[in-house]
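Engineer: Quick one: this structure, given as structure tokens, is what I'll be asking you about.
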Amino acid sequence: MNMLQQYYGINEATGISITIGKDGNYIVNVCAVSIQNDQLSFQKKLLDITDINELKKLLPVKSYVSLNLYGKGILQKQIEKTEEINQHNFSQILPNANIEDFYVQNFISGNKSFVSVVRKAEADKWISQLKELGFIALMLGLGPFPVQNVTAQLNVYGNDVIFDGHIIHRNEESEWISVKYHENTTSEFPLKIESESISEKLLIAYASAFQLVLSAKIDGVQAEVPGLNEELKKVLEEKKLKVYGFLTLAIFFILLLVNFFLFSGLNSSNAKLTEQVSRTAQSSSGIQQINDQVQQKDSLLKTLGWEGNINKASLIDQIASLLPEEITWKEAAVDPVDMSASRIQKSIVFYTRKIRITGNSEKIIPVNEWIARIKTKAWVKNVQLDSYTFNSEQNTGQFTILIDY
């Protein structure tokens, strides 16, 4: 399963850094990256955007976004190393303030904590704007601290990291000592990420995107925002589920092919046996014996699910091609076990010419839509929703569909 790990994470992400000026004006810088086969590449680099609504024209809808805020409204304070920021020690940062009114980011480096806070109302305003533009916000960073995750990629030759007004002092162990901001301070030489040149203004946006695409592998420097944390967890779980679903379908398809060739071989053997009977049967007892053998073969074929050379893999493919995006396919069984008949006959009995499909859907409407699509297939005789139950713990509905063909 380790081979599948690369497909579990987010392979495309956009970092959006917003610098808020003292006058309330802001500048937006954007860096979109993608990762494939452990190779990271840049997709977009956008500088000095003064209207956040312009992003709707520049970025794909439903882009996964890591937002970073800096400037007016974001308070940063350096204190002794503190593993957890709570109401008790929050008073060191903002006396007489309630921690419940703020999003808090605690970046620990060496024996120091660099704590950044922003009012929830201020941060939620930007997050809501991104959602209204059609993007999916999954992470919130404050200040230059997410750059910690990409400093090893930079062409920095000393202890200090300088870019776009930020001056980060580090010790010999690359632990942060202090952070300062001087508006006109720039790097002495052009910055590069590995061999790729990058504007100083884009470094925070790049670091934000980088820690999102690797969120399953590294600890991102981010503020604790419960809503975004839950959304990120949901996205990662959905990707994992899709990988498992695809793998299950692939295995099922291979099994269907094996069964197809097995049934074809049995059918060929049955045809040869019938031909031999017609040539060699000389007596009624001999003919009866051969007929019994033929009946046994036919019974075996029926038990194994042979139904007139029907390409069942093709039927499954056709059903899958009609699957709405809102539905997760969990299991498909061709000619499943008839439990009631099996109990009566005290042996395993299978349904004939029936497909049973189970899966998950938050709403029943996509399930009904899928059923309507399936009914359009000429080979489908009947489709019915056997059951639909809502699992409140998993926040999704579980359904079973029966198809006669």
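The values are calculated or read from the model by the stated rules, or taken from the named source; none is laboratory data. Not measured: the values here are computed from a predicted model. With ideal geometry, Cβ positions are generated from the backbone for all residues, glycine too; neighbour counts draw on all protein chains shown.
Engineer: Has the range 365-378 got any residue that is aromatic (F, W, Y) and over 26 Å from N259 (Cβ atoms)?
Structural biologist: no
Engineer: Are there strands (runs of 3 or more DSSP E) fully within the range 306-391 with at least 3 residues that are within 30 Å of N267 (Cα to Cα) and either within 32 Å of the chain's Cα centre (by Cα) or not assigned by TED's automatic domain parsing to the domain that holds L262 (or both)? List them.
Structural biologist: Filter on the range 306-391 gives 327-334, 354-361.
Engineer: T389 is checked against (1) β-branched (V, I, T); (2) without any contact (Cβ under 8 Å) to a residue 40 or more places away in the chain; (3) surrounded by 14 or more Cβ atoms within 10 Å (Cβ to Cβ) and fails just one. What number does that condition carry?
Structural biologist: The failed condition is (3).
Engineer: Quick one: count up the residues across the range 347-405 that are among the charged types (D, E, K, R) and either touching a helix residue (DSSP H, G or I) at 6+ places or on another chain (Cβ under 6 Å) or within 19 Å of L315 (Cβ to Cβ) (or both).
Structural biologist: Selection size over the range 347-405: 9.
Engineer: Just need a number here: residues in the range 362-375 that are free of Cβ contacts under 8 Å to residues at least 40 places away in the same chain, surrounded by 13 or more Cβ atoms within 10 Å (Cβ to Cβ) and among the aliphatic types (A, V, I, L, M).
Structural biologist: 2
Engineer: Are any residues in the range 194-225 without any contact (Cβ under 8 Å) to a residue 60 or more places away in the chain and either among the hydrophobic types (A, V, I, L, M, F, W, C) or under 26 Å from K112 (Cβ atoms) (or both), and if so, which ones?
Structural biologist: E200, L203, D219
Engineer: Hey, E83 hits all of (1) modelled with pLDDT of 95 or more; (2) outside any helix (DSSP H, G or I) but one; which does it fall short on?
Structural biologist: For E83, the failing item is (1).
Engineer: Here's another thing I want to ask about it. Of all residues in the range 127-142 being in contact with a helix residue (DSSP H, G or I) (Cβ under 7 Å, 6 or more places away or on another chain), not aliphatic (A, V, I, L, M) and not in a helix (DSSP H, G or I), which is surrounded by the most Cβ atoms within 10 Å (Cβ to Cβ)?
Structural biologist: The selected residue is G141.
Engineer: If the requirement is being buried (at least 17 other Cβ atoms within 10 Å of the Cβ), modelled with pLDDT under 90 and either touching a Pro at 6+ places or on another chain (Cβ under 6 Å) or among the basic types (K, R) (or both), which of these qualifies: K354, K312?
Structural biologist: After ruling out the rest, the residue left standing is K312.
Engineer: Given the condition touching a helix residue (DSSP H, G or I) at 6+ places or on another chain (Cβ under 9 Å) and among the β-branched types (V, I, T), answer yes or no: does some residue in the range 201-213 qualify?
Structural biologist: Within the range 201-213, one or more residues are touching a helix residue (DSSP H, G or I) at 6+ places or on another chain (Cβ under 9 Å) and among the β-branched types (V, I, T).
Engineer: Do you know which of the residues in the range 143-192 that are surrounded by fewer than 18 Cβ atoms within 10 Å (Cβ to Cβ) and among the basic types (K, R) is nearest to S109 (Cα to Cα)?
Structural biologist: Ranking the candidates gives K180 first.
Engineer: From the set of residues in the range 193-234 that are of a type in the set (V, I, T) and under 22 Å from Y103 (Cα atoms), which is surrounded by the fewest Cβ atoms within 10 Å (Cβ to Cβ)?
Structural biologist: Step by step, filter the range 193-234, then rank; the result is I218.
Engineer: I'd like to check something: does the range 352-361 contain any residue that is in contact (Cβ under 8 Å) with a residue 24 or more places away in the chain, farther than 21 Å from L255 by Cα and among the hydroxyl-bearing types (S, T, Y)?
Structural biologist: yes
Engineer: Is the range 146-153 home to any residue that is in the same structural domain as E80 (by TED's automatic domain parsing) and part of a loop (DSSP other than H, G, I, E, B)?
Structural biologist: Scanning the range 146-153, I find no residue that is in the same structural domain as E80 (by TED's automatic domain parsing) and part of a loop (DSSP other than H, G, I, E, B), so the answer is no.
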